[in-house]
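Novice: Right, I'll just put the structure down here and ask away after.
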Amino acid sequence: MKKKIFSLLFTVLLSCCLMNMSDTLAATETTEVNVSLGNEAGELVFVPNHVELIAGKKYKIKLDNPSPTKHYFTAKDFADASWTQKVEAAKVEVKGAIHELELKPSAQAEWVLVPMKPGKYELHCSISGHTEAGMVGDIIVLSE
(Lines give C-alpha, C1' and ligand atoms only; values in the text may rest on other atoms or scores of the structure.)
Protein backbone atom coordinates (compact mmCIF):
# COMPACT_ATOMS: atom_id res chain seq x y z
CA MET A 1 0.00 0.00 0.00
CA LYS A 2 2.84 2.40 0.88
CA LYS A 3 4.47 1.73 -2.51
CA LYS A 4 1.23 2.62 -4.32
CA ILE A 5 0.85 5.85 -2.34
CA PHE A 6 4.50 6.75 -2.96
CA SER A 7 4.14 5.98 -6.68
CA LEU A 8 0.98 8.11 -6.93
CA LEU A 9 2.61 10.98 -5.03
CA PHE A 10 5.70 10.79 -7.25
CA THR A 11 3.55 10.86 -10.40
CA VAL A 12 1.60 13.89 -9.17
CA LEU A 13 4.78 15.78 -8.24
CA LEU A 14 6.43 14.95 -11.57
CA SER A 15 3.34 16.14 -13.46
CA CYS A 16 3.31 19.41 -11.53
CA CYS A 17 7.02 19.98 -12.25
CA LEU A 18 6.55 19.32 -15.96
CA MET A 19 3.55 21.67 -16.13
CA ASN A 20 5.56 24.41 -14.37
CA MET A 21 8.45 23.90 -16.80
CA SER A 22 6.04 24.07 -19.73
CA ASP A 23 4.48 27.30 -18.39
CA THR A 24 7.92 28.83 -17.76
CA LEU A 25 9.20 27.99 -21.24
CA ALA A 26 5.99 29.25 -22.86
CA ALA A 27 6.38 32.61 -21.11
CA THR A 28 10.01 33.25 -22.08
CA GLU A 29 11.18 35.60 -24.84
CA THR A 30 11.02 34.09 -28.32
CA THR A 31 13.73 34.53 -30.96
CA GLU A 32 12.60 34.30 -34.60
CA VAL A 33 14.59 32.33 -37.17
CA ASN A 34 13.58 32.37 -40.85
CA VAL A 35 14.25 29.35 -43.07
CA SER A 36 13.20 29.02 -46.72
CA LEU A 37 12.74 25.61 -48.27
CA GLY A 38 13.89 26.10 -51.84
CA ASN A 39 13.70 29.41 -53.69
CA GLU A 40 11.67 31.03 -56.49
CA ALA A 41 14.10 29.65 -59.10
CA GLY A 42 13.27 26.10 -57.98
CA GLU A 43 16.74 25.36 -56.58
CA LEU A 44 16.90 22.53 -54.04
CA VAL A 45 18.35 24.44 -51.09
CA PHE A 46 17.62 25.54 -47.55
CA VAL A 47 18.22 29.24 -46.97
CA PRO A 48 20.07 29.39 -44.65
CA ASN A 49 21.42 25.85 -44.64
CA HIS A 50 23.16 26.33 -41.28
CA VAL A 51 21.23 27.40 -38.18
CA GLU A 52 22.71 27.95 -34.72
CA LEU A 53 20.48 27.90 -31.64
CA ILE A 54 21.12 27.91 -27.90
CA ALA A 55 19.83 25.12 -25.67
CA GLY A 56 17.10 26.29 -23.31
CA LYS A 57 16.09 29.35 -25.37
CA LYS A 58 12.70 29.59 -27.05
CA TYR A 59 12.55 29.96 -30.85
CA LYS A 60 9.92 30.51 -33.48
CA ILE A 61 11.23 28.93 -36.66
CA LYS A 62 9.37 30.61 -39.50
CA LEU A 63 9.37 28.30 -42.49
CA ASP A 64 8.33 29.26 -45.99
CA ASN A 65 8.42 27.56 -49.37
CA PRO A 66 8.78 30.09 -52.20
CA SER A 67 9.53 27.34 -54.74
CA PRO A 68 7.12 25.73 -57.22
CA THR A 69 7.72 22.29 -55.61
CA LYS A 70 6.74 20.89 -52.21
CA HIS A 71 9.57 20.29 -49.72
CA TYR A 72 10.08 18.66 -46.35
CA PHE A 73 11.84 20.12 -43.32
CA THR A 74 13.15 16.87 -41.85
CA ALA A 75 15.29 16.98 -38.71
CA LYS A 76 14.06 14.05 -36.59
CA ASP A 77 16.96 13.95 -34.13
CA PHE A 78 16.70 17.71 -33.58
CA ALA A 79 12.95 17.42 -33.05
CA ASP A 80 13.46 14.57 -30.57
CA ALA A 81 15.95 16.73 -28.63
CA SER A 82 13.58 19.73 -28.48
CA TRP A 83 10.44 20.66 -26.57
CA THR A 84 7.76 21.69 -29.06
CA GLN A 85 5.16 24.19 -27.89
CA LYS A 86 3.28 24.20 -31.21
CA VAL A 87 3.39 24.24 -34.97
CA GLU A 88 1.04 26.70 -36.63
CA ALA A 89 0.07 26.76 -40.31
CA ALA A 90 -3.02 27.90 -42.21
CA LYS A 91 -4.89 28.79 -39.02
CA VAL A 92 -4.29 25.30 -37.60
CA GLU A 93 -2.22 24.75 -34.46
CA VAL A 94 -0.63 21.33 -33.96
CA LYS A 95 0.80 20.22 -30.61
CA GLY A 96 2.80 17.16 -29.70
CA ALA A 97 5.77 15.36 -31.18
CA ILE A 98 6.93 16.76 -34.52
CA HIS A 99 9.51 15.03 -36.72
CA GLU A 100 8.95 16.44 -40.18
CA LEU A 101 7.03 19.31 -41.78
CA GLU A 102 5.80 19.28 -45.38
CA LEU A 103 5.46 22.66 -47.05
CA LYS A 104 3.63 22.82 -50.34
CA PRO A 105 4.45 25.63 -52.80
CA SER A 106 3.84 29.07 -51.22
CA ALA A 107 3.14 27.49 -47.82
CA GLN A 108 4.27 28.98 -44.52
CA ALA A 109 4.48 27.49 -41.04
CA GLU A 110 5.76 28.50 -37.62
CA TRP A 111 7.39 25.98 -35.29
CA VAL A 112 7.70 27.24 -31.70
CA LEU A 113 10.19 25.15 -29.74
CA VAL A 114 12.95 25.04 -27.17
CA PRO A 115 16.03 22.98 -28.10
CA MET A 116 16.96 21.02 -24.99
CA LYS A 117 20.11 19.08 -25.96
CA PRO A 118 23.29 20.60 -27.43
CA GLY A 119 24.62 18.92 -30.55
CA LYS A 120 24.82 18.96 -34.32
CA TYR A 121 21.66 17.80 -36.11
CA GLU A 122 21.09 16.92 -39.75
CA LEU A 123 18.46 18.78 -41.76
CA HIS A 124 17.30 17.50 -45.14
CA CYS A 125 14.38 17.33 -47.53
CA SER A 126 13.22 13.72 -47.62
CA ILE A 127 11.62 13.90 -51.08
CA SER A 128 13.35 11.44 -53.38
CA GLY A 129 16.35 13.06 -55.05
CA HIS A 130 16.23 16.34 -53.08
CA THR A 131 18.82 15.34 -50.46
CA GLU A 132 21.11 13.95 -53.15
CA ALA A 133 20.75 17.22 -55.11
CA GLY A 134 22.00 19.18 -52.10
CA MET A 135 18.88 20.08 -50.14
CA VAL A 136 20.65 19.54 -46.83
CA GLY A 137 21.76 21.59 -43.88
CA ASP A 138 22.54 21.42 -40.22
CA ILE A 139 21.17 22.72 -36.99
CA ILE A 140 23.73 23.38 -34.26
CA VAL A 141 22.45 23.64 -30.71
CA LEU A 142 25.00 25.29 -28.42
CA SER A 143 25.14 25.14 -24.61
CA GLU A 144 23.88 28.20 -22.77
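The values are calculated or read from the model by the stated rules, or taken from the named source; none is laboratory data. Note that this is a predicted model, so its numbers are computed, not measured. Cβ: placed from backbone, ideal geometry, glycine included. Neighbour counts: every protein chain shown.
Novice: Would the stretch 83-103 turn up any residue that is in contact with a Pro (Cβ under 6 Å, 6 or more places away or on another chain), loosely packed, with under 15 Cβ neighbours inside 10 Å and not charged (D, E, K, R)? Steps first, please.
Specialist: Initial filter on the stretch 83-103 (in contact with a Pro (Cβ under 6 Å, 6 or more places away or on another chain)): none.
Checking the stretch 83-103: not a single residue is in contact with a Pro (Cβ under 6 Å, 6 or more places away or on another chain), loosely packed, with under 15 Cβ neighbours inside 10 Å and not charged (D, E, K, R).
Novice: Tell me whether the stretch 81-99 contains one or more residues that are over 28 Å from Glu132 (Cβ atoms), touching a strand residue (DSSP E or B) at 6+ places or on another chain (Cβ under 6 Å) and of a type in the set (S, T, N, Q). Talk me through it step by step, then tell me what you get.
Specialist: Our first condition is that a residue be over 28 Å from Glu132 (Cβ atoms); within the stretch 81-99, this holds for 83-86, 88, 90-96.
Right, trim to touching a strand residue (DSSP E or B) at 6+ places or on another chain (Cβ under 6 Å) and you get 83-86, 88, 93-95.
Within this subset, residues satisfying the condition of being of a type in the set (S, T, N, Q) are 84-85.
Checking the stretch 81-99: at least one residue is over 28 Å from Glu132 (Cβ atoms), touching a strand residue (DSSP E or B) at 6+ places or on another chain (Cβ under 6 Å) and of a type in the set (S, T, N, Q).
Novice: Out of (1) surrounded by 17 or more Cβ atoms within 10 Å (Cβ to Cβ); (2) within 16 Å of the chain's Cα centre (by Cα); (3) modelled with pLDDT of 95 or more, what's the single condition that is false for Met135?
Specialist: In the conditions (1) surrounded by 17 or more Cβ atoms within 10 Å (Cβ to Cβ); (2) within 16 Å of the chain's Cα centre (by Cα); (3) modelled with pLDDT of 95 or more, Met135 misses (2) alone.
Novice: Quick check on Pro66: is it under 21 Å from Gly134 (Cα atoms), loosely packed, with under 15 Cβ neighbours inside 10 Å and modelled with pLDDT of 95 or more?
Specialist: Details: under 21 Å from Gly134 (Cα atoms): yes; loosely packed, with under 15 Cβ neighbours inside 10 Å: no; modelled with pLDDT of 95 or more: yes.
Against the criterion (under 21 Å from Gly134 (Cα atoms), loosely packed, with under 15 Cβ neighbours inside 10 Å and modelled with pLDDT of 95 or more), Pro66 does not qualify.
Novice: Is the stretch 29-39 home to any residue that is hydroxyl-bearing (Ser, Thr, Tyr), surrounded by 13 or more Cβ atoms within 10 Å (Cβ to Cβ) and either at pLDDT below 95 or out of contact with any strand residue (DSSP E or B) (no Cβ under 6 Å at 6 or more places or on another chain) (or both)?
Specialist: No; the residues of the stretch 29-39 include none that is hydroxyl-bearing (Ser, Thr, Tyr), surrounded by 13 or more Cβ atoms within 10 Å (Cβ to Cβ) and either at pLDDT below 95 or out of contact with any strand residue (DSSP E or B) (no Cβ under 6 Å at 6 or more places or on another chain) (or both).
Novice: Sticking with this one: Being part of a loop (DSSP other than H, G, I, E, B) and more than 13 Å from Lys60 (Cα to Cα) is the requirement here; does Ala97 meet it? Lay out the reasoning, then the answer.
Specialist: Details: part of a loop (DSSP other than H, G, I, E, B): yes; more than 13 Å from Lys60 (Cα to Cα): yes.
Criteria met by Ala97.
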